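Here the structure is laid out as structure tokens; the discussion comes afterwards.
A short reminder: the numbers here are calculations on the coordinates, not readings from a lab. This one's a predicted model, so the numbers in the text were calculated from it and none came from an experiment. Backbone-built Cβ (ideal geometry, glycine too); neighbour counts: all protein chains shown.
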Amino acid sequence: MRLLISLLLSLLTLPLLDAQELKVIKLEAPDKAGGAPLMKVFNNRKSDREFSTAKLRPQDLSTLLWAANGINRPDGKRTAPSAVNAQDVDVYVLFQEGAYLYDAKAHALTPVAAGDYRGDVAGRQESVKAAPVILVLVSDLERLSKTPDEGTQRTAAVDVGIVSQNINLVCAGLGLATVPRGSMDQDALRKALKLKPTQLLLINNPVGYPKQ
Ligand SMILES: Cc1cc2nc3c(=O)[nH]c(=O)nc-3n(C[C@H](O)[C@H](O)[C@H](O)COP(=O)(O)O)c2cc1C
């Protein structure tokens, strides 16, 4: 009986322990001098929906996130512009082992939830499940307005679109595959990422090396 109770208790606490097991990932310095020249980047930019399952090299992951919405000036402003410098866009990073939030100030990944949520983004688009990283872009409307309305949502969509385009372009520059995607399981992801009602889940970019 005692064995049964302790077994049940360990099963109940398993997901909790899993979440605690994820650690902050300190990213290495981004490569701000590499990649293809800008005009070549525009020429190469395209949606690619076929991914190698190989994990991203730490340097590529770091450069990807910094280019997406990292800090590029001493005053804390970002690689992506945002309305009234609200910096309302958060980049969630989904790996096989768990979901993280990109902390631009620390250039690090903060654990959000253990587990693989990439399937909730991919849905029926099977090829997307192979991507080793999926970036999920969320705008916090509260940072744009104290009383968010439809206009605030339009502004949020623009801000998120710019971050997505940064991702599209840095991927083209680094030889990575990506596609901006509006489709994803909103309910499942809102729950997994523990989003507040004012956080709008707008677009995702799976990222990986191109499938050979
Ligand atoms: C707002 C937005 C939402 C999109 N949603 C999806 C999507 O859910 N699934 C998908 O496979 N592609 C999606 N795309 C990618 C488009 O299909 C793609 O950009 C378009 O076909 C043009 O191809 P290109 O990006 O290679 O130029 C989306 C693009 C944008 C801008």
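So, in the range 164-188, of the ones that are in a helix (DSSP H, G or I) and within 12 Å of the ligand (Cβ to nearest atom), which residue ends up nearest to S47 (Cα to Cα)?
N168
Restricting the range 138-155 to residues that are in contact with a helix residue (DSSP H, G or I) (Cβ under 9 Å, 6 or more places away or on another chain) and among the small types (G, A, S), which is farthest from the ligand (Cβ to nearest atom)?
For the range 138-155, the residue satisfying everything is S145.
Only one of K196, K191 is more than 9 Å from the ligand (Cβ to nearest atom), assigned to a helix (DSSP H, G or I) and over 12 Å from the mean Cα position of the chain (by Cα). Can you tell me which?
K191
Quick check on the range 19-54: of everything there that is over 21 Å from the mean Cα position of the chain (by Cα) and not in a helix (DSSP H, G or I), which residue is nearest to the ligand (Cβ to nearest atom)?
Going through the qualifying residues, I end up with A36.
Residues that are among the charged types (D, E, K, R), out of contact with any strand residue (DSSP E or B) (no Cβ under 8 Å at 6 or more places or on another chain) and under 18 Å from N168 (Cβ atoms): does the range 54-66 have at least one?
Among the residues of the range 54-66, at least one is among the charged types (D, E, K, R), out of contact with any strand residue (DSSP E or B) (no Cβ under 8 Å at 6 or more places or on another chain) and under 18 Å from N168 (Cβ atoms), which makes the answer yes.
Looking at (1) surrounded by fewer than 20 Cβ atoms within 10 Å (Cβ to Cβ); (2) more than 12 Å from the ligand (Cβ to nearest atom), find the lone condition where V158 falls short.
The one condition V158 does not meet is (2).
Quick test of your reading of the structure: D116 fulfils all but one of (1) away from the ligand (no atom under 12 Å from the Cβ); (2) under 17 Å from G98 (Cβ atoms); (3) in contact (Cβ under 8 Å) with a residue 60 or more places away in the chain. Name the failing condition by number.
(3)
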